[in-house]
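The values are calculated or read from the model by the stated rules, or taken from the named source; none is laboratory data. Keep in mind that this is a model prediction, so the values were computed, not measured. For neighbour counting, all protein chains shown are included, and Cβ atoms are generated from backbone atoms with ideal geometry for every residue, glycine included. SASA here: full protein model, heavy atoms, side chains in, ligands and nucleic acids out. Shrake-Rupley method; radii C 1.70, N 1.55, O 1.52, S 1.80 Å.
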Amino acid sequence: MPTVCAVYGCTNKTTNKNVSFYRFPPKKKKLDLENKQVDAMRICSSHFKNGKPACYTNNKHPDWCPSINMGYNTNKGAATTPDINRYHRATKRMALTPTILFPNDLEDNTVVTVSNLSDVENMDISMETGTSTSTTMTMANIQTLEQEVVTKDFVINKLTSEVNYLNLSEETFNGRPKMLAFYTGLESMDLFLLILEEIKPALTSSNQRLTEFQKLLLCLMKLRLNMPFVDLGYRFNITCGTASIIFRKVIFLLEHAFKKLIYWPDREALRYLMPRSFFNAFGNSVAVIIDCFEIEIEKPSNFRAKAQTWSSYKNKNTVKYLIAITPQVVVSFISEGWGGRVSDKHITENCMFLKNLLPGDVVLADRGFTVSESIGFHFATLKTPAFTRGLPQLHPCSIEETRKIASVRIHVERIIGLTRSKYKILNGPVQITTLKHQDDNSCLLDSIVTVCCALINMCSSIVPLD
């Protein structure tokens, strides 16, 4: 019995020798129809553009499925399936060897043929829709794309630089020595990195939100500018309490690592490097110049502490320190903090300063240091400006001696002024909690003063040796 084509409206039968008939795909790939019905169905060659179906795996072929005279009205306009000739052209293009997209010897407006479409972004041939895009580019187009890439890279680099600037990272200060000096008081990035290298192992285990560079930077910014911890918290995107903890830890690490920079040099080194101004006035016997400076603190609530820290000279509550510098203007001694009420004489005699003196040393000081007897017990000499002591005028020899002392003693005041101006935290007022910690009874202010003096010693001398 002859079989009729399964396409609706087609009257071709298997008895027609001019028409070929084809089965549906194998059983495992057929549609959801009754197996027996599908096995009996046939489709004639009249419904394929090439007269026969394509291989089942070649789903890009126009004859992968029947598309002609399918028994329903079709759009008379543009083709809904790829033309067979178009398919063959696309196959040839895919088989060609890729060419160089950007040859060096091409002139402007030279056409570059793109054979492998996967090498060019946004260029593709749409086989499903039956449309294709252009596969040729001119050198003008290529130069435009290259310029866009360069512009994007420039914008990305600029934004990255701005982010690094706001993050206060190491990249922020690269090539900005004035910015580094403003925020830290240090003269170079090399000095900053040297300090960081000494304390970096101990900083690694602490707060992981900031880098070791940022932790040291936070501490130096607090010393340099005396910023509130709230401000530092906003700048580094941390809480106020975290900023305070980081500052305290870094200060103790810096004190432990660099307090060795504040030491009493041996006599041979002092005499060998004696500046000319000191040598002309006192020979090579001057060992140190001493003075006291005071740091304002908040008014204590305890009446006894309020009385002990009241300074009649400053007319406020202060903490007093004794500082000694060598003729080379290097801090060689810094005492612990004392209440502002204590006299300069008491601090000098009770702060371990006298134990550093050697027989024959000369100590320069102001009139308020009435410690000539205490220094004399160590076979050293104290030189201070002369007193009039009720006399109408000083003796000419005393005037000359006073002039010599004043000309060199001014250096200790310059060091104190430099330390205060460079590290504004020493200008106060200092919080009471900075004086004594409630857990370990440590005095943070003593550590701050020691670190500031050690950092001053790392800077260039303000007095020439010649």
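Does region 305-324 contain at least one residue that is farther than 20 Å from Lys404 by Cα, in a loop (DSSP other than H, G, I, E, B), touching a Pro at 6+ places or on another chain (Cβ under 8 Å) and open to solvent by 10 Å² or more (accessible area, probe 1.4 Å)? There is at least one residue in region 305-324 that is farther than 20 Å from Lys404 by Cα, in a loop (DSSP other than H, G, I, E, B), touching a Pro at 6+ places or on another chain (Cβ under 8 Å) and open to solvent by 10 Å² or more (accessible area, probe 1.4 Å). Under the condition of being open to solvent by less than 50 Å² (accessible area, probe 1.4 Å) and assigned to a loop (DSSP other than H, G, I, E, B), the residues counted in region 36-52 number 3.
For region 178-197, a residue qualifies if it is modelled with pLDDT of 90 or more and acidic (Asp, Glu), and the qualifying residues are Asp190, Glu197.
One residue stands out among those in region 406-430 that are in contact with an Asp or Glu (Cβ under 6 Å, 6 or more places away or on another chain) and either free of Cβ contacts under 8 Å to residues at least 60 places away in the same chain or not in a helix (DSSP H, G or I) (or both): the one that is surrounded by the most Cβ atoms within 10 Å (Cβ to Cβ), which is Gly428.
Checking Glu296, Glu268, Glu255 one by one, the residue that is farther than 30 Å from Leu168 by Cβ, open to solvent by 20 Å² or more (accessible area, probe 1.4 Å) and not in a loop (DSSP other than H, G, I, E, B) is Glu268 and no other. Residues that are open to solvent by 30 Å² or more (accessible area, probe 1.4 Å) and either under 21 Å from Ile432 (Cβ atoms) or more than 36 Å from the chain's Cα centre (by Cα) (or both) within region 325-334 are absent altogether.
Please determine whether any residue of region 203-225 is over 20 Å from the mean Cα position of the chain (by Cα), surrounded by fewer than 21 Cβ atoms within 10 Å (Cβ to Cβ) and not in a loop (DSSP other than H, G, I, E, B). Can you show your working first?
As a first pass, look at region 203-225 and keep what is over 20 Å from the mean Cα position of the chain (by Cα): none.
The answer is no, given that none of the residues of region 203-225 is over 20 Å from the mean Cα position of the chain (by Cα), surrounded by fewer than 21 Cβ atoms within 10 Å (Cβ to Cβ) and not in a loop (DSSP other than H, G, I, E, B).
Among the residues in region 321-340, are any more than 20 Å from Ala454 (Cβ to Cβ) and either of a type in the set (D, E, K, R) or at pLDDT below 90 (or both)? Checking region 321-340: not a single residue is more than 20 Å from Ala454 (Cβ to Cβ) and either of a type in the set (D, E, K, R) or at pLDDT below 90 (or both).
Based on this model, can you work out whether Thr384 counts as under 24 Å from Met274 (Cα atoms), crowded, with 18+ Cβ neighbours inside 10 Å and either at pLDDT below 80 or among the hydroxyl-bearing types (Ser, Thr, Tyr) (or both)?
Details: under 24 Å from Met274 (Cα atoms): yes; crowded, with 18+ Cβ neighbours inside 10 Å: yes; either at pLDDT below 80 or among the hydroxyl-bearing types (Ser, Thr, Tyr) (or both): yes.
Here the answer is yes, as Thr384 does meet what is asked.
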